[in-house]
1. Before we move on, is SER248 touching a Ser or Thr at 6+ places or on another chain (Cβ under 6 Å) and either open to solvent by 30 Å² or more (accessible area, probe 1.4 Å) or in contact (Cβ under 8 Å) with a residue 40 or more places away in the chain (or both)?
2. Please tell me if ARG88 is loosely packed, with under 14 Cβ neighbours inside 10 Å, under 30 Å from ASN172 (Cα atoms) and among the basic types (Lys, Arg).
3. Quick check: is even one residue across region 233-244 at pLDDT 90 or above, under 21 Å from the mean Cα position of the chain (by Cα) and on the phi < 0 side of the Ramachandran plot?
4. Among the residues that make up region 39-56, is at least one of them surrounded by 14 or more Cβ atoms within 10 Å (Cβ to Cβ), charged (D, E, K, R) and within 26 Å of LYS227 (Cβ to Cβ)?
5. If the Cβ limit is 6 Å and pairs must be 6+ apart or interchain, which residue in region 54-70 that is under 19 Å from ASN36 (Cβ atoms) pairs with which residue that is outside any strand (DSSP E or B) and charged (D, E, K, R)?
6. Name the residues in region 61-78 that are under 18 Å from THR27 (Cα atoms) and surrounded by fewer than 17 Cβ atoms within 10 Å (Cβ to Cβ), would you?
7. Take region 200-220 and flag every residue that is among the β-branched types (Val, Ile, Thr) and over 17 Å from GLU169 (Cα atoms).
8. Kindly evaluate ALA225 against the criterion of being open to solvent by 30 Å² or more (accessible area, probe 1.4 Å) and either under 20 Å from the mean Cα position of the chain (by Cα) or at positive phi (or both).
Amino acid sequence: MSDFKFPGESHDFWEFICVDKGDVAVTGGDRQMILNRGEVAFHQPGEFHTVQATGHSAPNLVVISFQCDSPAMDFFREKVLQVDETERNLLADIVIEARHCFDCRLDDPYLQNMPQKEAEQFGAEQLIRLYLEHFLIHLLRRCSQPIPLVKSALRPQPQKATKKKSDIELFNRVVDYLEAHLGGHVTIEQVCRENLIGRSQLQKIFREQSGLGIIEYFSLMKVNAAKQLIRTNKMNFTQISEQLGYTSIHYFSRQFKKVTGMTPSEYASSIKAMADGDFKP
């Protein structure tokens with residue numbers, strides 16, 4: 001919610017908080033900071049830390065706690081870093097695998113216990129660990145080591161790597177375009193025309209990068225935006241439906257339930273219950 005506030009805690013393991021959308025005020029020991037989209041802050045073992053929304057928006061956060069005694073963790077003490085696209089994808093992979101492992105909602109910021117369930121997919125727990133290690137190693141390498149200068153004549157130019165980078169850049173550009181048009185209705189033809197890309201290439205890139213077709217992806221973006229607006233608690237459902245370009249509140253409700261498994265009112269009630277401390281997973 002836009003008025004979310006976590007009073008603070010300390011523990012004998014590591015934790016980091018990454019902002020996916022919006023911004024939050026964070027303290028860690030004697031440090032006070034505002035974390036913006038794409039920034040991650042680390043809390044070392046024994047460090048008292050708090051977090052609260054700034055009131056500007058209902059932020060989306062990823063918080064992960066873990067045990068690690070490697071000396072390499074010294075790099076992350078009191079650090080605030082900017083994550084790149086690879087690291088964002090690794091965090092998303094962790095969340096996906098966590099859904100297979102834990103018998104509780106992962107969007108409850110007041111959760112005190114995460115009961116495990118029999119894994120729905122083989123190796124889910126191991127993948128969480130591997131993705132987390134990959135995330136930390138990638139972040140440490142990228143932020144601590146300078147990129148070596150190589151003469152252009154000697155620099156390798158692998159065609160596949162170049163194409164992959166180009167596809168990712170195109171995917172991100174189209175996602176930015178979709179985000180700028182969340183309040184309206186877009187067609188595949190319109191996206192292709194205004195982003196200078198062929199229909200089959202567009203669909204192929206979205207399948208490869210997100211596992212979804214572009215219209216499915218756009219629908220998911222709209223529902224995520226609706227969830228954020230509901231948490232902000234400044235509009236009713238009719239206003240949210242209109243702002244996001246739905247043809248009717250009934251269609252909005254059907255699409256919302258299709259994606260989340262809940263109606264907008266059920267989602268709003270569950271969020272309020274969490275904030276009041278009444279939610280039981």
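The values are calculated or read from the model by the stated rules, or taken from the named source; none is laboratory data. Keep in mind it's a predicted model, so treat the numbers as computed, not measured. Here Cβ is always computed from backbone atoms with ideal geometry, including for glycine, and neighbour counts include all displayed protein chains. The protein model used for the area step is the full one, side chains on, heavy atoms only, and it has no ligands, DNA or RNA in it. Shrake-Rupley method; radii C 1.70, N 1.55, O 1.52, S 1.80 Å.
1. Working: touching a Ser or Thr at 6+ places or on another chain (Cβ under 6 Å): no; either open to solvent by 30 Å² or more (accessible area, probe 1.4 Å) or in contact (Cβ under 8 Å) with a residue 40 or more places away in the chain (or both): yes.
So SER248 does not fit the description; no.
2. Details: loosely packed, with under 14 Cβ neighbours inside 10 Å: no; under 30 Å from ASN172 (Cα atoms): yes; among the basic types (Lys, Arg): yes.
Answer is no for this residue.
3. Pass one, region 233-244, residues at pLDDT 90 or above: 236-244.
Right, trim to under 21 Å from the mean Cα position of the chain (by Cα) and you get 244.
Checking which are on the phi < 0 side of the Ramachandran plot leaves us with 244.
Looking through region 233-244, at least one residue is at pLDDT 90 or above, under 21 Å from the mean Cα position of the chain (by Cα) and on the phi < 0 side of the Ramachandran plot.
4. Checked against the condition, which is being surrounded by 14 or more Cβ atoms within 10 Å (Cβ to Cβ), charged (D, E, K, R) and within 26 Å of LYS227 (Cβ to Cβ), region 39-56 yields at least one hit.
5. Sorted first by the residue in region 54-70, then by its partner, the pairs are THR54/ASP23; ALA58/ARG231.
6. The first filter runs over region 61-78 and keeps only residues under 18 Å from THR27 (Cα atoms), leaving 61-65, 76-78.
Selection gives VAL63, SER65, ARG77, GLU78.
7. If the condition is that a residue be among the β-branched types (Val, Ile, Thr) and over 17 Å from GLU169 (Cα atoms), then ILE215 is the only one that fits.
8. Values: open to solvent by 30 Å² or more (accessible area, probe 1.4 Å): no; either under 20 Å from the mean Cα position of the chain (by Cα) or at positive phi (or both): yes.
Spelling it out, it is not the case that ALA225 is open to solvent by 30 Å² or more (accessible area, probe 1.4 Å) and either under 20 Å from the mean Cα position of the chain (by Cα) or at positive phi (or both).
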